[in-house]
Amino acid sequence: MLVSHRKHFIYTKTAKTASTSVETYFEPLCLAPGRWTFQHARDETVTDEGIIGYRGADTDGKRWFNHMSCEVIRAQLGASRWDDYFKFAVIRDPFDKLLSGYFFQQRPQGSSAELIAGFRRWVRGGGAIVDRHTYTLQGEICMDYFIRYERLEEGVAAVCRRLHEPFDVTRLPRLKAQFRERRVPLAAFYDADTRDRTAAIYAFEMDHFGYSPPA
C-alpha cells in the first residue's frame, strides 16, 4: 500500500492483480525526489513525503504493510486525509484472479488434465482469494478509481493523468507472472460446479464491475 502526501493519493493493494507492479510504479511519488530504488521485498518506509507499506510475508510488528484493509488505513492515516486523498486500486476478473491465486499458492505441476483437476479440487475444498477489505468500507466501495488488470497500462496512464505525472510504460514491470500456467485457456479450468462456486464467492465483484463467467 502507498500514501503520497506530496501527490495526495492512497493506493490500496489487492491480491493477484499485478498490484506489486503498480505499487512499484507509483512508489517514487511517496519519497523525496531522487530517493527511490527498486526493491521487490521492501520494509515499511514512512517519511514526510509519504508511506510505502512493508512488502513481505511476516507482517508482525509492522504498522503499514501489504494488503491492509481500508478500515485500518483510514484509522491510522486519519479520516481527514482519507477523505481528501485520491484513492485507487487494481481490480481483476475474479475467475482469472482465482486461477492466478491457485498457481501462486499451490505451485502445481503436471499435465494440462492434472492442472485442471487440481484446480477444481482446490476450489471445492474452499480455495479462494478474497480481498474486498482492500477497496470497501462497511460493505461499500470506497475507491475513487479502479485500474482494470485487463487494461493495466491504460489504467496506470489514467492515474498518471489524474496526478499530473507523465506516464512511462517502460517503468511498469510485470512481476510474479512466472507462476501462471498459460497452456490451458481460462474457461477449460472451470466446470459447472466450480463456476457456480466462484460466482457465489465473487457475486459482489461481478455485480459492481460487470464481470461474468468465462465462456
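The values are calculated or read from the model by the stated rules, or taken from the named source; none is laboratory data. Every value quoted in this text rests on a predicted model; they were computed, and no experiment measured them. Note that we place each Cβ from the backbone using ideal geometry, even for glycine, and neighbour counts take in every protein chain shown.
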Check: Restricted to segment 98-126, and to residues that are surrounded by fewer than 19 Cβ atoms within 10 Å (Cβ to Cβ) and small (Gly, Ala, Ser), which residue is nearest to the chain's Cα centre (by Cα)?
Finding: Gly126
Notebook entry, point to check: In this structure, is Lys87 closer than 27 Å to Glu205 by Cβ, in contact (Cβ under 8 Å) with a residue 12 or more places away in the chain and in contact with a strand residue (DSSP E or B) (Cβ under 8 Å, 6 or more places away or on another chain)?
Noted result: yes
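Mind telling me which of the residues Phe104, Phe119 ends up being outside any loop (DSSP other than H, G, I, E, B) and either touching a Leu at 6+ places or on another chain (Cβ under 9 Å) or of a type in the set (Asp, Glu) (or both)?
Working: Phe104 fails: either touching a Leu at 6+ places or on another chain (Cβ under 9 Å) or of a type in the set (Asp, Glu) (or both).
Of the residues listed, the single one that is outside any loop (DSSP other than H, G, I, E, B) and either touching a Leu at 6+ places or on another chain (Cβ under 9 Å) or of a type in the set (Asp, Glu) (or both) is Phe119.
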Notebook entry, point to check: Looking at Phe88, Phe95, which one is surrounded by 19 or more Cβ atoms within 10 Å (Cβ to Cβ) and within 20 Å of Arg174 (Cβ to Cβ)?
Noted result: Phe88
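Conditions tested, residue by residue: (1) among the charged types (D, E, K, R); (2) at pLDDT 95 or above; (3) crowded, with 18+ Cβ neighbours inside 10 Å; (4) touching a His at 6+ places or on another chain (Cβ under 6 Å).
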residue: His133; (1), (2), (3), (4): no, yes, no, no
residue: Leu137; (1), (2), (3), (4): no, yes, no, no
residue: Tyr149; (1), (2), (3), (4): no, yes, yes, no
residue: Phe179; (1), (2), (3), (4): no, no, no, no
residue: Val184; (1), (2), (3), (4): no, no, no, no
residue: Ala187; (1), (2), (3), (4): no, yes, no, no
residue: Tyr202; (1), (2), (3), (4): no, yes, yes, no
residue: His208; (1), (2), (3), (4): no, yes, no, no
residue: Tyr211; (1), (2), (3), (4): no, yes, yes, no
Next item on the list: Filter segment 39-59 for residues that are part of a loop (DSSP other than H, G, I, E, B) and touching a residue at least 24 places away in the same chain (Cβ under 8 Å) and give the result.
Entry: His40, Asp48, Glu49, Gly53
Checklist line | Set Thr17, Thr12, Thr45, Thr37: member being under 24 Å from Pro173 (Cα atoms), touching a His at 6+ places or on another chain (Cβ under 9 Å) and either of a type outside the set (Phe, Trp, Tyr) or crowded, with 21+ Cβ neighbours inside 10 Å (or both) | finding: Thr12
Check: Hey, does segment 37-60 have a residue that's in contact with a Leu (Cβ under 9 Å, 6 or more places away or on another chain) and under 29 Å from Arg195 (Cα atoms)?
Finding: no
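May I ask you to verify whether Phe26 is in contact with a helix residue (DSSP H, G or I) (Cβ under 8 Å, 6 or more places away or on another chain), buried (at least 20 other Cβ atoms within 10 Å of the Cβ) and either part of a helix (DSSP H, G or I) or not polar (S, T, N, Q) (or both)? Give the derivation first.
Details: in contact with a helix residue (DSSP H, G or I) (Cβ under 8 Å, 6 or more places away or on another chain): yes; buried (at least 20 other Cβ atoms within 10 Å of the Cβ): yes; either part of a helix (DSSP H, G or I) or not polar (S, T, N, Q) (or both): yes.
Yes, satisfied.
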